[in-house]
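For reference, the structure is listed below as structure tokens.
We did not get these values from a lab; they are worked out from the coordinates using the rules stated. All values reported here derive from a predicted model rather than from experimental measurement. Here the Cβ positions follow ideal geometry from the backbone for every residue, glycine too, while neighbour counts run over all protein chains shown.
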Amino acid sequence: DQQVKQNSPSLSVQEGRISILNCDYTNSMFDYFLWYKKYPAEGPTFLISISSIKDKNEDGRFTVFLNKSAKHLSLHIVPSQPGDSAVYFCAASGNFGNEKLTFGTGTRLTIIP
Amino acid sequence: ETGVTQSPTHLIKTRGQQVTLRCSSQSGHNTVSWYQQALGQGPQFIFQYYREEENGRGNFPPRFSGLQFPNYSSELNVNALELDDSALYLCASSRAGTQYFGPGTRLLVL
């Protein structure tokens, strides 16, 4: 039973364009959502989070959108840079982040120069 | 501010052996969580410790056990290693909300 799903295993985007990564969840008890970026042989690096009381959160080039009725969130990266090439994981938690994280299977983003 | 550190970085064991992995929390963080990441998968929650007490456990057998120390560092112990235990083991620390990960320990069981 996969409660967090990232249906696109991979995505290629031209440098300078917008990258959009998607994530769906099934558990209504999730109230805190995070995006992590992972390079090979490293641990996940925290990028951005959003609480269920918001529908948008921005941090520099990264924006996360949350649609609670659709149980869907997306990460927008604008403009995309070569250093953004990595695997991106969506994660969800209850109790506003104080419980375990449930991860999706990841999307490999490749930025084409 | 020191981030989350883990040791060792790599480890090779044989089936049936026991292993201990170590994690030092980020300064000021009192909660440690452990995850197992198999190849091509997202990290799977093993357990969480808050102020030295287990505070939640995932779907892992009892041969996976842990400890948290007064300085909030932590250990993950795995007994009777199986081939399927080969994975990247990640430790994450937090104080309230966001979990920050260490670089992981890659365990290979032969």
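Key figures for this structure:
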read-out: Residue in the range A:52-74 that is touching a helix residue (DSSP H, G or I) at 6+ places or on another chain (Cβ under 6 Å) and not in a loop (DSSP other than H, G, I, E, B) present; value: no
read-out: Entirely in the range B:41-110, the strands (runs of 3 or more DSSP E) that have 2 or more residues that are within 20 Å of A:Asn98 (Cα to Cα), touching a residue at least 40 places away in the same chain (Cβ under 8 Å) and within 14 Å of chain A (Cβ to nearest Cβ); value: B:87-94
read-out: Hits in the range A:79-103 - residues which are farther than 15 Å from A:Phe46 by Cβ, facing chain B (nearest Cβ under 8 Å) and not in a strand (DSSP E or B); value: A:Phe96, A:Asn98, A:Glu99, A:Lys100
read-out: Residues located in the range A:40-78, provided they are more than 14 Å from chain B (Cβ to nearest Cβ) and over 19 Å from A:Ile111 (Cα atoms); value: A:Asp55, A:Lys56, A:Glu58, A:Phe65, A:Leu66, A:Asn67, A:Lys68, A:Ser69, A:Ala70, A:Lys71, A:His72, A:Leu73
read-out: Inter-residue pairs, beta-carbon under 8 Å, first among the aromatic types (Phe, Trp, Tyr) and in the range A:52-69, second in a loop (DSSP other than H, G, I, E, B) and surrounded by 12 or more Cβ atoms within 10 Å (Cβ to Cβ), 6+ apart; value: A:Phe65/A:Asp55
read-out: Breaking point among (1) within 11 Å of chain A (Cβ to nearest Cβ); (2) free of Cβ contacts under 8 Å to residues at least 40 places away in the same chain, for B:Tyr35; value: (2)
